[in-house]
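The values are calculated or read from the model by the stated rules, or taken from the named source; none is laboratory data. Just so it is clear, the structure is predicted and the values come from calculations on it, not from any experiment. Cβ coordinates were reconstructed from backbone atoms using ideal geometry, including for glycine residues, and neighbour counts include every protein chain displayed.
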Amino acid sequence: MRYADTMPQKFGDVGLAVIQRAFKLRTLMVHLFRCFLAGLLLGLAAPVLAEREVHVVAVGKGYQTKDVYALPEARVLVDRPGQDVSLVLLDAGDMHWRIEATGGTNISEIVRSGPRRDASEVTLFDIPMAGLHDPGLPLVFKPWGRDFRLLVDTLTANYGTDHIDSFHGVHQVYEDAVRVDQIDTTTVGLARDYLSKLVGNSDDLPPDIRTWIEIRKRDRRFCPRF
């Protein structure tokens, strides 16, 4: 075989190798971009925003898609432009949390609480998120009761705040997303010291109760809980 006969094949092999290397480089760049996007979405490259908001979403049972082998899903849309959001997710296991956010919303942290770390999956814009797993948070659906007080006390202590900004409890979700789009200013139970908000003006209370309130302001060793 003459050398001239092997030239096209050799150049073809070289061209194929170049194409393969270019494809691998493209795949690597796409992966790096996805990692950067995930970090950007979680606030790693975001500017300092307003005081962090803490929003809690509790779901008992997710929506089963047509893929019977996939985990039931719970979709959450966070619509808080210009705000720094910590999202706390509560489930009973076997859940795929699909999180999305509107433009300008910064989700700086995702905390998921459930029976096992590997029992559920969390994705942000379809990007898998490892997140922070806190198995000690109670699964509740109403903003009252002993377990809810434990939830509020734990989260306010963890985040150094005196309240959580909203609570969404749903026993069963369907295709529609749970919307986190506002601060709840009417549910007094979201505050750590919620009793003081319920008492309000004490001028019309009996003298003995007013005296107890004044003593409580100076000595907080004793505090009734209901």
Could you say whether any residue in the stretch 182-200 is closer than 30 Å to T65 by Cα and modelled with pLDDT of 70 or more?
-> yes
Name every residue in the stretch 72-91 that is within 13 Å of V180 (Cα to Cα), over 13 Å from the mean Cα position of the chain (by Cα) and assigned to a strand (DSSP E or B), in order of residue number.
-> none
Index of the failed condition, V122 passing every other in (1) touching a Gly at 6+ places or on another chain (Cβ under 7 Å); (2) assigned to a loop (DSSP other than H, G, I, E, B) = (2)
What residue, among those in the stretch 87-108 that are surrounded by fewer than 18 Cβ atoms within 10 Å (Cβ to Cβ) and acidic (D, E), is farthest from N158 (Cα to Cα)?
-> D94
Taking T123, is it of a type in the set (S, T, Y), under 13 Å from the mean Cα position of the chain (by Cα) and surrounded by fewer than 19 Cβ atoms within 10 Å (Cβ to Cβ)?
-> yes
Out of the residues in the stretch 146-173 that are modelled with pLDDT of 95 or more and part of a loop (DSSP other than H, G, I, E, B), state the one that is surrounded by the most Cβ atoms within 10 Å (Cβ to Cβ).
-> I164
Search the stretch 136-163 for residues that are under 16 Å from V54 (Cβ atoms) and pair each with any residue that is crowded, with 20+ Cβ neighbours inside 10 Å and among the polar types (S, T, N, Q) when their beta-carbon atoms are under 6 Å apart and the residues are at least 6 apart or on different chains.
-> L137/S113
